[in-house]
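Reading through the structure tokens given below for one structure.
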Amino acid sequence: MPPGQFQPQVPPEGGGLVSPGGFANPGYAGYPWAGGPPPRTWPSPPVPPRRRKTAYKLIGIALAFAVAVGVVNIAWDLFTPDRTEVPVVENVARGANGLPEGYEWAGDLQEGGDRLICGPVTWELVGDYPRGGATAVAEAVALASQMTGVPIKPVDEVAIPAVEITFEYVPSSDLLAYSDTASADTIGLALTQHTSFGITESQVLLDEPYFVTTLSKNRDEAVLVILHEIGHAFGLGHSDRKDSLMYPYATGNTRIFEEDVAAFLTVVPDCG
Ligand SMILES: [Zn+2]
């Protein structure tokens, strides 16, 4: 055989070599992995120190960022009022119409007149709703109950409701179709029906496109707009105080003022 040509070595007598770990090497001495197991790819080879340093740095930056975001959030919560918190009514000046100053009764109701009739008040959400739309209505209903002390129960829990409030998310065109006073800016309507004893039914229509956006960007505002419509459903009109719950425009900073609570308390019936 000419020199340089492949020439396997003869295995030792009795078979292959045995590695210290007991691995029986079927190969021949002189082969690349003779005398030990073939190189393994698992576990992964150690990361070179430089790459490891960069990784630690990135983890450090991510942790610092997370802590900073947490601190900013806590500070934000401490210094911004909870806009859906119901304030305590202490001393509220009233106008000639019996409501807190600057508030009106609902336009289609007689001044100082119609309120909900006495009896169980129920609510129901009908039709399709945007993501988060059902819980927003439930939250607004709970706030109205909290503000007035009037239980407002899901309609299927009450055998004979006295007042029924239904909520529906509708296309913008429906709002224009249902009310002469609605405009392209209208985001909600409450259509009330009443007997000589008071309001028996209210249909709250909510502008779906507005709520699709607002529920994801400014959820509190969306809840407070629904609560505003409940105010109308109870027979309450607008307030001229900016950012008030019953201000005619959703400012993005709507909140519940003490006067709003007083106004809600005034319109609900005294059934005692
Ligand atoms: Zn309004």
Is it fair to say residue 78 is aliphatic (A, V, I, L, M) and either in contact with a Pro (Cβ under 6 Å, 6 or more places away or on another chain) or at pLDDT 85 or above (or both)? no
Is there a residue being at pLDDT 90 or above, assigned to a loop (DSSP other than H, G, I, E, B) and surrounded by 14 or more Cβ atoms within 10 Å (Cβ to Cβ) anywhere in segment 106-116? no
I'm checking my understanding of the structure. Among residues of segment 232-267 that are at positive phi and in contact with a strand residue (DSSP E or B) (Cβ under 8 Å, 6 or more places away or on another chain), which one is nearest to the ligand (Cβ to nearest atom)? 235
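Okay, residues lined up against (1) touching a residue at least 24 places away in the same chain (Cβ under 8 Å); (2) not hydrophobic (A, V, I, L, M, F, W, C):
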site: 125; (1), (2): yes, no
site: 130; (1), (2): yes, yes
site: 134; (1), (2): no, no
site: 146; (1), (2): yes, yes
When you look at residue 229, is it touching a helix residue (DSSP H, G or I) at 6+ places or on another chain (Cβ under 9 Å), more than 15 Å from the ligand (Cβ to nearest atom) and under 12 Å from residue 188 (Cβ atoms), yes or no? no
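The values are calculated or read from the model by the stated rules, or taken from the named source; none is laboratory data. Computed from a predicted model, the values in this text were never measured in an experiment. All Cβ positions, even for glycine, are placed from backbone atoms using ideal geometry, and neighbour counts span all protein chains on display.
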